[in-house]
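Trainee: Here it is: the structure, laid out below.
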Amino acid sequence: MKRFYILVVVILATFSLVACKDDGAAATGAEKGKNTLVMSWPKDIGGEVNPHAYSPNEMFAQAMLYDPLVVYENDGTISPGLAESWVLSEDGKTYTFKLREGVKYSDGSLLTAENVKRNFDTVVANIDAHSWLEVVAVIQTVEVVDNQTVAIHLKDSYYPFLQELALIRPLRMLADAGFPDSGNTAEGVKKAIGTGPWILTTYEKDSYAEFTRNEDYWGKKPSLEKVVVKVMGDSQGRMMALEKGDIDLIFGSGQLAPAEFKTLEDHGQYVTKVSEPLSTRLIAINSTSDITQIKEVRLAFQYLLDRQTVVEHVLNGLEIPATTLFAPSFPYSELNITTFEYNQEKAADILDAAGWVMDPAKNVRVKDGQALSVVLAFNSSDQIQKSIAEYIQGEWKKSGVDVQLAGEESQLLSGRLKAGDFDLSFNDTWGAPYDPHMYIRTMLGEKQIGNYALSGTESKAQLEEEIMKVIRTTDEAQRRALYESILSTIQQEAILIPISYRQNYLVANDVFTSLNFSPQQYEVPFNLYEMK
């Protein structure tokens, strides 16, 4: 705890120091008017804000401009979006959507079935860019039934189809005038024209973006009139800008370190909020690797992780200790399955019984002349991963496990993980509406971390068969039974070590009467915000 208090003092001192300096990052030229929210963001929004593309397009900006056919609600249900209703064929292979009448794009053009087909067709035509996403791979054809009705025919039944239509990208609607001359949005867009509640009205690369309320929005219009997003690369600049009133809001778990958030919370003058669990932070174990293919070793590692200490002293209490792959609040995840509580003695018993005995001379366990030594890969620029890795290295050493840390920048780390060159690696699930089906589905993909986790287990064939079945079945009872079997087997094979359920958090000046979170962790729900 002493270390924590020293850290807080250092942050407070730094905060006070930088607050005395001029905030160049905040001097963007954007004017703050009445009923205008100004927030910081660590990166540029991505310029053109293409609804059908990924990085550098920022997801929160895509969500502001473009609407989906259906909407994912806080309770996990699906509600109408641009489609006011839909019908699923008996074989589960055709969804027929009735579009809302009179929905206008921000350029005044109307949403039509032909326009929806055009959006779907350009995404499906670039399937290689979306190969990780089953909803794109499963689309056979898109048919215009009439001006307001569109039918989507699937190659096979796929139960999470509606959930994935609700994703922030890539299946959201762009106006015809926004398409490039080639018609292929993989080459870019002419202009960001959506049906969403906001219009991108001003943009200066790497400086700021200004969004104005869409007065023709088909749904409930936001209370706010404008949102200004200022690019601020470091957390100290954000904290200083908040104190000066240059920004109103810092949103997202990546914008402040846990200790910085606690510092602002303890300051007392700011509004602070923490969301419900949105995804799971975990360590994946490579079951194809030399030592970690041994199930007893994996089981011992499960018992060696002191999640409570990690949450209290590394994450400053901002996340919740996790003992299952998905939080019980997620669909199909409220199960009575085996969990692994921190127990050093039990871990020692398992390793002793498996023949891994302590060598006092080397202070490490050994079996047949081989040391119990494993490589833990992590992103060297991620301070939370680095801190947890160092904690594990120190604590597990006491139990005779030699943990070699492999901290690398993201591109090198990605290459290592794709090659399977690791024993342990940090990983996160993706949250709603991806979990549980998408995280489970990607475990079948070659060169995926999850695939390395399951491929060396005795349950490999069973898991592969059940995962393919669970995303295809249209029988709710069978689906529930399959998820219970899959998640129980993953737990029994001890291939994924849950650490904590991740939460979003925000800090704001006292200028709001309403602030909240979205169930999708990458979306900022400006539509729900109100200012004094």
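The values are calculated or read from the model by the stated rules, or taken from the named source; none is laboratory data. Since the structure is predicted, the reported quantities are computational estimates derived from the model, not experimental observations. Ideal geometry is used to build each Cβ from the backbone, glycine not excepted, and the neighbour counts take in all protein chains shown. For accessibility, only protein heavy atoms count, side chains too; no ligands or nucleic acids. Shrake-Rupley method; radii C 1.70, N 1.55, O 1.52, S 1.80 Å.
Trainee: Given the criteria of a type outside the set (Asp, Glu) and either part of a strand (DSSP E or B) or modelled with pLDDT under 95 (or both), does Lys346 qualify?
Mentor: For Lys346, the condition - of a type outside the set (Asp, Glu) and either part of a strand (DSSP E or B) or modelled with pLDDT under 95 (or both) - is not met.
Trainee: Next question. Given the options Val375, Val310, name the one that is under 26 Å from Glu458 (Cα atoms) and outside any loop (DSSP other than H, G, I, E, B).
Mentor: Details: Val310 fails: under 26 Å from Glu458 (Cα atoms).
Unique residue meeting the criteria: Val375.
Trainee: Evaluate the following for Thr96: is it closer than 20 Å to His153 by Cα, open to solvent by less than 60 Å² (accessible area, probe 1.4 Å) and in contact with a helix residue (DSSP H, G or I) (Cβ under 8 Å, 6 or more places away or on another chain)?
Mentor: The answer is no for Thr96.
Trainee: If you take the residues in the stretch 125-139 that are open to solvent by 10 Å² or more (accessible area, probe 1.4 Å) and either closer than 17 Å to Ile471 by Cα or in contact (Cβ under 8 Å) with a residue 40 or more places away in the chain (or both), which one is nearest to the chain's Cα centre (by Cα)?
Mentor: It comes out as Trp132.
Trainee: Quick one: would you say Gln404 is modelled with pLDDT under 95, of a type outside the set (Phe, Trp, Tyr) and either more than 21 Å from the chain's Cα centre (by Cα) or over 26 Å from Val364 (Cα atoms) (or both)?
Mentor: no
Trainee: Pairs under 8 Å by beta carbon, first residue more than 23 Å from Glu523 (Cα to Cα) in the stretch 253-272, partner in a helix (DSSP H, G or I) and open to solvent by 10 Å² or more (accessible area, probe 1.4 Å), six or more apart or different chains?
Mentor: So the pair list comes out as Ala259/Phe4; Ala259/Leu7; Ala259/Val8; Ala259/Ile11; Thr263/Val8; Thr263/Ile11; Thr263/Leu12; Asp266/Val8.
Trainee: Now, a different point. Which members of the stretch 275-298 meet the condition of being open to solvent by 40 Å² or more (accessible area, probe 1.4 Å) and closer than 25 Å to Met438 by Cα? Steps first, answer last, please.
Mentor: The initial filter retains those residues of the stretch 275-298 that are open to solvent by 40 Å² or more (accessible area, probe 1.4 Å), namely 276, 288, 290, 293-296.
Answer for the stretch 275-298, where residues must be open to solvent by 40 Å² or more (accessible area, probe 1.4 Å) and closer than 25 Å to Met438 by Cα: Glu276, Thr288, Gln293.
Trainee: While we're on this one: Tally the residues that are small (Gly, Ala, Ser), modelled with pLDDT under 95 and assigned to a loop (DSSP other than H, G, I, E, B), restricting the search to the stretch 486-532.
Mentor: 1
Trainee: What about Thr122, is it among the hydroxyl-bearing types (Ser, Thr, Tyr), open to solvent by 60 Å² or more (accessible area, probe 1.4 Å) and either touching a residue at least 12 places away in the same chain (Cβ under 8 Å) or assigned to a loop (DSSP other than H, G, I, E, B) (or both)?
Mentor: No: the conditions fail for Thr122.
Trainee: For the stretch 444-466, which positions are surrounded by 17 or more Cβ atoms within 10 Å (Cβ to Cβ), at pLDDT 95 or above and under 26 Å from Leu413 (Cβ atoms)?
Mentor: The answer is Ile449, Gly450, Asn451, Tyr452, Ala453, Leu454, Ser455, Gly456, Thr457, Leu463.
Trainee: Sort through Leu200, Leu224 and tell me the only one that's in contact with a helix residue (DSSP H, G or I) (Cβ under 7 Å, 6 or more places away or on another chain), of a type outside the set (Phe, Trp, Tyr), at pLDDT 95 or above and over 23 Å from Tyr270 (Cβ atoms). Can you show your working first?
Mentor: On the way: Leu224 fails: over 23 Å from Tyr270 (Cβ atoms).
Among Leu200, Leu224, only Leu200 is in contact with a helix residue (DSSP H, G or I) (Cβ under 7 Å, 6 or more places away or on another chain), of a type outside the set (Phe, Trp, Tyr), at pLDDT 95 or above and over 23 Å from Tyr270 (Cβ atoms).
Trainee: Determine if the stretch 425-434 includes at least one residue that is free of Cβ contacts under 8 Å to residues at least 60 places away in the same chain and not acidic (Asp, Glu).
Mentor: No, because not a single residue in the stretch 425-434 is free of Cβ contacts under 8 Å to residues at least 60 places away in the same chain and not acidic (Asp, Glu).
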